[in-house]
Amino acid sequence: MLKYHDVPGTLTLPHDHPDSVMITASSFRRELIQGERKAEVEIPAGRAMWLAAQSHAGHNIGDTDTDVFFVELKEPAPPGGGAATDALGPMS
């Protein structure tokens, strides 16, 4: 389990996530960056969401802190398990 916190304006370095479940403790708005691809996400507090394995950088573009918990899985999802492998950002 990983707890993540940042403040508005924070830009992370590129990093990797394995398949995970993300639990939001605060509402936030972020831009996720993967090479030339960018995706803007806005997620309310109290959500639990599947996050397919991915590499990205993140930028807090909102006006609130980001507080989330990641339950990172030790093994990848089984083939055909419904997880998108090219997703950028959380999937509901």
**Asked** Which value in nm describes the separation of the simple spin-label points at GLN34 and THR64, placed 7 Å from the Cα toward the beta carbon?
**Response** 2.5 nm
**Prompt:** Using only the Cα atoms of the stretch 2-72, what do you get for the radius of gyration and for Dmax, in Å?
**Reply:** 11.2, 30
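Only the coordinates and a few stated rules stand behind these numbers; no lab work does. Everything numeric in this text was worked out from a predicted model, so none of it was measured. Neighbour counts are summed over all protein chains in view; Cβ atoms, including those assigned to glycine, are modelled from backbone coordinates with ideal geometry.
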